[in-house]
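Below you'll find the structure, written out as structure tokens, and then a few comments.
The values are calculated or read from the model by the stated rules, or taken from the named source; none is laboratory data. The model shown is predicted, which means the values in this text are computed figures rather than measured ones. Don't worry about glycine lacking a Cβ; one is built from the backbone with ideal geometry, like all the others, and counts go over all protein chains shown.
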Amino acid sequence: MKQPRIVLVNTSHPGNIGAAARAMKNMGLEQLCLVSPQQYPSAEATARASGADDLLAAASCHQTLDEAIVDATLVIGASARCRTLPLPMLDPRDCAELTMAQADRGRVAILFGRERTGLTNEELDRCHYLVQIPSNPDYPSLNLAAAVQVIAYELRVAAGTAGPAPEAQRDYAGAGQLEQFYAHLEQTLIELEFLDPENPRQLMRRLRRLFGRARPDQNEINILRGILTAAGKAAR
Ligand code: SAH
């Protein structure tokens, strides 16, 4: 079984990185991944990690989110807010159950955003689902490490329960393969003059939502890319 990866995106305060590591270790999680943290390594992170500094030492660090999730077959974004172009929403319990049901098949990545501004739309474009911790609508944002704690706790609870029956084995496409597909799709739609690069509107985002719901496997992505290649040839 693969442990879910907790991905902290562009965190400003090193203390939050340490506190998140501690929250994870308390709940038995080990896979911490940092994407371009603003201040790291840092003595404050180590201090706040307390006895979880081994998790910090083992954390992987990446320049871009795409590198951090290239092998992930399920990507879930933690967000305090509903967004204009909605993704399917989970509560922390459903998030944990879904994660555990997928964990023997591929890597699940759960993304946490910046303290001030959360995750960008481009980052949310990489997500299959959003997870929202129910909270006071007048003050919905938890501290970053507190949000990691709630999600990690539910993962721990779900790990101890049987969970839903697993679905049939599928080789889901990883985020890296999906990004290559989206780039190919966009390029072909431009060649076909269906997509106007001067006025793209939300077309690619809507198509991402569509394919995100379908969760194509590797074979299906290869078929789709074959179709794109044929369409591109026909257009030329
Ligand atoms: N002002 C930011 C909040 C950032 S809090 C915003 O409106 O998006 C830092 C991160 O903690 C968020 O990006 C999210 O990943 C997580 N987080 C905080 N509160 C949350 C909640 N209620 N549900 C899910 N994630 C939450």
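Here Ala158 meets the list (1) more than 17 Å from the chain's Cα centre (by Cα); (2) within 7 Å of the ligand (Cβ to nearest atom) almost entirely, failing just condition (2). Of all residue pairs spaced 6 or more apart or on separate chains, those with beta-carbon atoms under 6 Å, a first member in segment 203-232 that is among the small types (Gly, Ala, Ser) and a second member that is surrounded by 14 or more Cβ atoms within 10 Å (Cβ to Cβ) are Gly212/His128; Ala231/Thr188; Gly232/Thr188; Gly232/Glu191. Would you check if Ser60 is at pLDDT 95 or above, within 12 Å of the ligand (Cβ to nearest atom) and among the hydroxyl-bearing types (Ser, Thr, Tyr)? Considered against the rule, which asks whether it is at pLDDT 95 or above, within 12 Å of the ligand (Cβ to nearest atom) and among the hydroxyl-bearing types (Ser, Thr, Tyr), Ser60 comes out as no. Here segment 101-147 is the region considered, the condition is being in contact (Cβ under 8 Å) with a residue 12 or more places away in the chain and β-branched (Val, Ile, Thr), and the residue that is nearest to the ligand (Cβ to nearest atom) is Ile133.
Per-residue answers, yes or no, for (1) modelled with pLDDT of 95 or more; (2) surrounded by fewer than 18 Cβ atoms within 10 Å (Cβ to Cβ); (3) under 19 Å from the mean Cα position of the chain (by Cα):
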position: Ala152; (1), (2), (3): yes, no, yes
position: Ala162; (1), (2), (3): no, yes, no
position: Pro166; (1), (2), (3): no, yes, no
position: Tyr172; (1), (2), (3): no, no, yes
position: Phe181; (1), (2), (3): yes, no, yes
position: Leu185; (1), (2), (3): yes, no, no
position: Thr188; (1), (2), (3): yes, no, no
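Scan segment 111-145 for residues that are in contact with a helix residue (DSSP H, G or I) (Cβ under 8 Å, 6 or more places away or on another chain), outside any loop (DSSP other than H, G, I, E, B) and at pLDDT 95 or above and the total you get is 8. Is at least one residue of segment 155-176 touching a strand residue (DSSP E or B) at 6+ places or on another chain (Cβ under 7 Å), of a type in the set (Val, Ile, Thr) and not in a loop (DSSP other than H, G, I, E, B)? There is no residue in segment 155-176 that is touching a strand residue (DSSP E or B) at 6+ places or on another chain (Cβ under 7 Å), of a type in the set (Val, Ile, Thr) and not in a loop (DSSP other than H, G, I, E, B).
Within segment 205-234, how many residues turn out to be loosely packed, with under 12 Cβ neighbours inside 10 Å and of a type in the set (Gly, Ala, Ser)? Summing the residues that are loosely packed, with under 12 Cβ neighbours inside 10 Å and of a type in the set (Gly, Ala, Ser) in segment 205-234 gives 4. Leu65 fulfils the conditions (1) closer than 28 Å to Met1 by Cβ; (2) surrounded by fewer than 17 Cβ atoms within 10 Å (Cβ to Cβ); (3) within 15 Å of the ligand (Cβ to nearest atom) except for a single criterion, (2).
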